[in-house]
Amino acid sequence: MSVVTAVRKTVDYLASTECAVVLFLGIAAVAIPGTFTRKSGLYTSPFFLALLGLFALNLVLCTAKRFRTISRPVLILHGGVVLTLVGCIATATGFVATVNVYENIVADRFFRWDREQDADLGFALVVKKINMEFTPTPIRVGVLKDGRKEGLHQLKTGESFELPPYRVTADSLDLQSEVLQLTIYEQGRRIGSCLTSGTSELPTGFPYEFKLVAFQNPRLLRQWVDLALLNGNNVIAEGISEVNNPFQWGGLYFYNTQVNRDQAGKSYAGIQIVRDPGRPVVFSGFAVMGLGALLSYKRRFFRKGKWI
């Protein structure tokens, strides 16, 4: 058998339906166990990537071989599948890294899950502030005058109660320390603020004290962190990061995955850093496949269109 004949037979097999079935079964044989065992490394293994590449090649050769007999919608569908496969292969060149960072502490080493070791990503990261937004908190505030109980007020943070000639606003509650901040107004004019822990900026001689008697745990509405990326002492980028709204810079996505406290009660944020160069290609492939599916539907049910 000559080299030309061998090459021709190889190309014919790679363009065949039989080859497509074999490759599809091979991809499924790797992907299904990987799904149940959660071994993400299977999807970036050279064997799996080779299967994806061969499947894309099979689809390209099959399309080229039958180009004149394939309808336009099917051509578009094939193009979308090829784009998606190429994007999946490109995604394998990316990585996921994680780090837990305390407020105003610089982190310059990150755990890369593909390598299973700490690595330098070429920049440092600092969490400037951890932010949480809660629903208004139901509270009970006790009022003391000369050490004696003067009254008990039930309200929510952000609301006020009257203590003639004063109006008292419950500004915010620190859940960790269980300390409430209050602002006092006299005839519409702010005269100062105080904490139920005893710290006060009120004028000397102010007759009342306040105690936080009880509160209900509020519901978390939103959680985000203010991030800064550093190169040495220089800030190269700043932004905010949330669970579903990552901060983006230089092809990297920065997700805030958690906010927690250590045993000493100090807050820290979990940051996940993702590099996924195939992401826009995969999304483009999905869009092209969707267009092909719509055109196939139109062709099937509206055959009078002459442009198909």
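No value in this document is a laboratory result; all are computed from the given coordinates. Since this is a predicted model, take the numbers as computed values, not measurements. Quick reminder, even Gly has a Cβ in these numbers, built from the backbone with ideal geometry, and neighbours come from all protein chains shown.
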Practice item. Kindly provide the helix-only [θ] at 222 nm of the chain, computed as the sum of -39,500 (n - 2.57) over DSSP H runs of four or more divided by all residues, to the nearest 500 deg cm²/dmol? Key: -10500 deg cm²/dmol
Check your understanding: How do 201-209, 49-57 rank on mean C-beta neighbours within 10 Å, highest first?
Key -> 49-57, 201-209
Revision key, fill the gap. Sorting Gly285, Val4, Ala90 by the position of each Cα along the dipole of the chain (Lys, Arg +1; Asp, Glu -1; all at Cβ), the one nearest the positive end of that ordering is Val4
Review point. Quick one: Debye curve from the C-alpha atoms of segment 215-304, no solvent, what's log10 I(q)/I(0) at q = 0.11, 0.12, 0.22, 0.25 Å⁻¹?
Key: -0.57, -0.62, -1.12, -1.23
Review point. Which peptide among 16-23, 222-229 comes first, and what is the full order, when sorted by highest mean count of other Cβ atoms within 10 Å?
Key: 222-229, 16-23
Practice item. Answer with a single label: of (1) 25, 23, 20; (2) 53, 36, 18; (3) 63, 25, 16, which was calculated as semi-axes √(5λ) of the Cα gyration tensor in Å from the structure in view? Key: (3)
Exercise for review: Could you let me know the centre-to-centre spacing of segment 230-261 and segment 154-178, using Cα atoms, in angstrom?
Suggested key: 34
**Study point:** Dipole-positive endmost among Leu173, Val259, His153 within the chain (Cβ charges, Cα centre)
**Key:** Val259
Revision key, fill the gap. Quick calc, the chain, dipole around Cα centre from Cβ unit charges on Lys, Arg (+) and Asp, Glu (-), nearest 20 debye, gives 2200
**Study point:** Base-10 log of normalised Debye intensity for segment 3-93 (one unit scatterer per alpha-carbon) at q = 0.10, 0.14, 0.24, 0.25 Å⁻¹
**Key:** -0.30, -0.57, -1.21, -1.25
Practice item. Give the order of Met289, Met132 when sorted by the count of other beta carbons within 10 angstrom, beginning with the fewest. Key: Met132, Met289
Review point. What size of dipole, in debye to the nearest 20, comes out for segment 59-140 about its Cα centre when the only charges are +1 on Lys and Arg C-beta atoms and -1 on Asp and Glu C-beta atoms?
Key: 660
**Study point:** In nm, spacing of pseudo-spin labels at Arg279 and Val235 (7 Å Cα→C-beta vector)
**Key:** 2.3
Review point. In percent, what relative contact order does the chain have, based on Cα pairs under 8 Å that are 6 or more apart in sequence?
Key: 21
Revision key, fill the gap. A correct fewest-to-most ranking of Asp114, Asp12 by other Cβ atoms within 10 Å would be Asp12, Asp114
Practice item. Report, in whole Å, the centroid distance computed from the Cα atoms of segment 1-34 and segment 48-90. Key: 13
Practice item. Just add up the charged neighbours of Leu152: K/R +1, D/E -1, any other residue whose Cβ is under 11 Å from the Cβ of Leu152. Key: +2
Check your understanding: If Lys and Arg each add +1 and Asp and Glu each add -1, what is the summed charge of the other residues whose beta carbon sits under 15 Å from the beta carbon of Gly192?
Key -> -1
Point to revise | Inter-probe distance in nm under a simple model that places probes 7 Å from Cα toward Cβ, at Arg140 and Leu291 | key: 6.5
Practice item. Measure up Lys9/Lys65; Lys129/Lys211; Lys65/Lys298; Lys149/Lys211 against 18 Å on the Cα-Cα distance and list the ones that go over. Key: Lys129/Lys211; Lys65/Lys298
